[in-house]
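The values are calculated or read from the model by the stated rules, or taken from the named source; none is laboratory data. Quick caveat, the model's predicted, so the values are computed rather than measured. Every residue, glycine among them, receives a Cβ derived from its backbone with ideal geometry; neighbour counts consider all protein chains shown.
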Amino acid sequence: MNNNISLIGLENIPIIKPGDDLPSIIYNALNENQMSLQNGDILVIAQTVVSKSLGRIKNLNDITPSQEAIDIYEKMAPLIEKSGLPSKSPELIQSILDESKEVIKTEQVMIVETHHGFICANAGIDQSNVGGGGLITLLPIDSDKEAEKIRSSLQKLTGKRIAIIVSDSFGRAFRIGAVGVALGVSGLSPILDKRGSKDLYGKELQSTIVGQIDNLASSAQLIMGEADEGIPVVLIRGYNYAFEENVSIKQILREKKADLFRKERDPKDLEDILKARRSYKFRFSDKKVNKNLIEESIELARWAPSAHNGQFWRYIIIERGKSRENLIKNMNNKLKDDLQGDGKSEEFIRKKVEKTKTNFLDAPYLILLCLDDKDLERYSDKTRIKYEFIMGVQSVSASATYLLLAFEIKGLSACWYCAPLFAKDIITKTLNLPDSYIPMAFFTVGYSIKKTPKPKRKDLNEIIFNV
Ligand SMILES: Cc1cc2nc3c(=O)[nH]c(=O)nc-3n(C[C@H](O)[C@H](O)[C@H](O)COP(=O)(O)O)c2cc1C
């Protein structure tokens with residue numbers, strides 16, 4: 001039973017700086033407050049101090065907004081002005097995008113799913129309590145791990161068995177007012193599963209799961225406050241719970257497919273994607289591309305149709321570095337020879353070579369698409385061999401189109417380049433690929449910094465004929 005729980009704010013915690021040893025600081029503050037930890041105590045620690053000690057701080061002045069951030073800014077600015085909320089700069093929006101897996105809604109607020117899976121406003125980025133001047137704090141990358149580290153140090157320092165919650169305050173859908181929520185936990189279960197126990201009248205509970213650590217975090221929030229209270233650590237004493245190891249905040253994040261409120265797919269979305277995709281031929285943003293996104297896009301590209309389901313496509317992901325440089329150098333030597341053979345001027349050749357070099361070397365990812373002719377049907381006559389090859393090319397092209405659309409869905413920009421068609425021997429030799437791999441295309445992939453103008457399309461009456 002829990003009928004008497006104490007919440008004690010730890011005073012005199014200094015302003016935390018990157019590299020500070022939080023457990024020692026908390027230990028010293030306990031001593032200064034003439035307190036010592038007892039078995040079963042829970043410490044709720046505000047994310048801001050954890051983030052600051054980890055150096056999860058950025059300066060907005062160092063951020064270059066992408067085209068996506070600028071577009072969101074332009075969409076949000078009038079809505080923000082109307083609502084009277086504080087404005088968001090494109091740089092702040094960019095930082096929110098960098099911390100997010102998915103943008104869920106942008107109106108006068110920006111609700112995202114962070115890389116951790118938290119659904120919250122502004123990816124948990126905080127501009128308050130950091131010192132101003134463009135400084136922001138980002139959520140810790142792994143709050144469970146930080147909770148675990150702090151717990152283990154404090155247990156060593158005090159000899160007591162305790163639990164730790166790293167907390168933040170989030171606004172809520174449906175209700176006004178931010179409440180404390182847990183971002184990371186160590187030592188106690190995130191939930192209390194009451195299913196199977198009996199209510200006051202002996203009726204078995206079928207679905208009650210108590211959000212244990214969120215309840216604790218929100219009670220601590222009453223003392224921590226939001227603004228200048230300066231109490232980032234709250235001790236909870238007298239709460240009965242069972243210690244549990246190997247716990248994680250992930251246990252309470254609802255999966256997207258089980259979430260009634262995540263947007264259903266709208267056929268209109270697909271129409272938009274088909275029209276929005278553009279070949280991106282400018283410099284890419286410096287924003288790091290998560291390799292998972294590339295792999296997830298290729299996963300989608302393999303659902304393209306292919307002749308007798310031959311799936312002749314092979315994707316080679318070429319990261320930045322020596323092998324890419326070597327490949328482009330060898331391909332460019334061939335390009336030079338080809339252009340000299342065509343009688344092009346030195347200046348023309350120099351420009352062309354330079355352009356391919358920057359295109360292919362600067363892209364965060366370069367993907368080579370090959371047709372594996374090993375999977376083509378074998379025929380005894382030249383005509384059918386030729387058409388089977390065409391079917392292979394058509395199939396690979398279908399997959400390439402899926403790939404470009406998948407990149408669009410993932411928020412990435414890309415361009416299809418035909419250069420590999422002209423350099424089979426060089427490519428297979430340099431990358432040590434099987435001889436059956438026929439290079440078909442390169443894709444440069446990354447985040448855009450500019451909007452690509454919409455190219456003209458032929459009129460429908462030029463391409464549709466009714467018989
Ligand atoms: C088979 C194929 C090869 C292409 N090769 C190149 C290329 O070598 N260089 C280039 O700048 N763009 C290349 N592109 C991109 C086209 O220029 C682009 O798709 C076209 O201009 C239409 O623009 P959009 O993709 O934005 O609609 C290629 C596209 C395809 C489908």
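Restrict the check to the stretch 58-66 and report whether at least one residue is buried (at least 16 other Cβ atoms within 10 Å of the Cβ) and closer than 30 Å to residue 29 by Cβ. Yes, the stretch 58-66 contains a residue that is buried (at least 16 other Cβ atoms within 10 Å of the Cβ) and closer than 30 Å to residue 29 by Cβ.
The single condition among (1) touching a Cys at 6+ places or on another chain (Cβ under 6 Å); (2) surrounded by fewer than 18 Cβ atoms within 10 Å (Cβ to Cβ) that residue 280 does not meet is (2).
Inside the stretch 240-249, can you point out the residues that are surrounded by 13 or more Cβ atoms within 10 Å (Cβ to Cβ) and not aromatic (Phe, Trp, Tyr)? Don't jump to the end; show me each part of the working.
The first filter runs over the stretch 240-249 and keeps only residues surrounded by 13 or more Cβ atoms within 10 Å (Cβ to Cβ), leaving 241, 243-244, 247-249.
Listed by number, the residues that qualify are 244, 247, 248, 249.
Check whether at least one residue in the stretch 344-355 is surrounded by fewer than 20 Cβ atoms within 10 Å (Cβ to Cβ), without any contact (Cβ under 8 Å) to a residue 12 or more places away in the chain and assigned to a loop (DSSP other than H, G, I, E, B), and report yes or no.
So the first thing to find is which residues in the stretch 344-355 are surrounded by fewer than 20 Cβ atoms within 10 Å (Cβ to Cβ), and the list is 344-355.
Next, only the ones that are without any contact (Cβ under 8 Å) to a residue 12 or more places away in the chain stay: 344-348, 350-351, 354-355.
Adding the requirement that they be assigned to a loop (DSSP other than H, G, I, E, B) leaves 344-345.
There is at least one residue in the stretch 344-355 that is surrounded by fewer than 20 Cβ atoms within 10 Å (Cβ to Cβ), without any contact (Cβ under 8 Å) to a residue 12 or more places away in the chain and assigned to a loop (DSSP other than H, G, I, E, B).
The number of residues in the stretch 174-226 that are in contact (Cβ under 8 Å) with a residue 60 or more places away in the chain, hydroxyl-bearing (Ser, Thr, Tyr) and part of a loop (DSSP other than H, G, I, E, B) comes to 1.
Residues checked against (1) assigned by TED's automatic domain parsing to the domain that holds residue 18; (2) under 17 Å from residue 16 (Cβ atoms); (3) among the charged types (D, E, K, R):
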site	(1), (2), (3)
121	no, no, no
144	yes, no, yes
162	yes, no, no
182	yes, no, no
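Residues that are under 15 Å from residue 275 (Cα atoms) and small (Gly, Ala, Ser) were ranked within the stretch 394-413; the one that is farthest from the ligand (Cβ to nearest atom) is 411. Right, residue 310: among the small types (Gly, Ala, Ser), over 28 Å from residue 294 (Cα atoms) and modelled with pLDDT of 95 or more or not? So residue 310 fails the test. If you scan the stretch 145-164, which residues turn out to be crowded, with 23+ Cβ neighbours inside 10 Å and under 24 Å from the mean Cα position of the chain (by Cα)? 146, 147, listed by residue number.
Within the stretch 260-292, if we keep just the residues that are more than 23 Å from residue 358 (Cβ to Cβ), away from the ligand (no atom under 14 Å from the Cβ) and assigned to a helix (DSSP H, G or I), the residue that is modelled with the highest pLDDT turns out to be 292. Residues in the stretch 450-467 that are within 15 Å of the ligand (Cβ to nearest atom) and out of contact with any helix residue (DSSP H, G or I) (no Cβ under 8 Å at 6 or more places or on another chain): 452, 453, 454, 455, 456, 457, 458, 463. When 437, 447, 417 are checked against the criterion of being in contact with a strand residue (DSSP E or B) (Cβ under 9 Å, 6 or more places away or on another chain), away from the ligand (no atom under 14 Å from the Cβ), of a type outside the set (Val, Ile, Thr) and within 27 Å of residue 283 (Cβ to Cβ), 447 stands alone in meeting it. Taken together, the residues in the stretch 165-204 that are farther than 30 Å from residue 34 by Cα, under 34 Å from the mean Cα position of the chain (by Cα), small (Gly, Ala, Ser) and surrounded by 10 or more Cβ atoms within 10 Å (Cβ to Cβ) amount to 2.
Looking at this structure, is residue 427 crowded, with 18+ Cβ neighbours inside 10 Å and within 16 Å of the ligand (Cβ to nearest atom)? Here the answer is yes, as residue 427 does meet what is asked. Pairs meeting the criteria (first residue in the stretch 430-443 and more than 10 Å from residue 419 (Cα to Cα), second residue more than 14 Å from the ligand (Cβ to nearest atom) and among the polar types (S, T, N, Q), beta carbons under 8 Å, at least 6 apart or on different chains) are 430/323; 430/326; 430/330; 431/323; 434/428; 435/428; 437/428.
Exactly one residue among 107, 99, 81 is closer than 27 Å to residue 185 by Cα, modelled with pLDDT of 90 or more and out of contact with any Pro (no Cβ under 6 Å at 6 or more places or on another chain), and that residue is 99.
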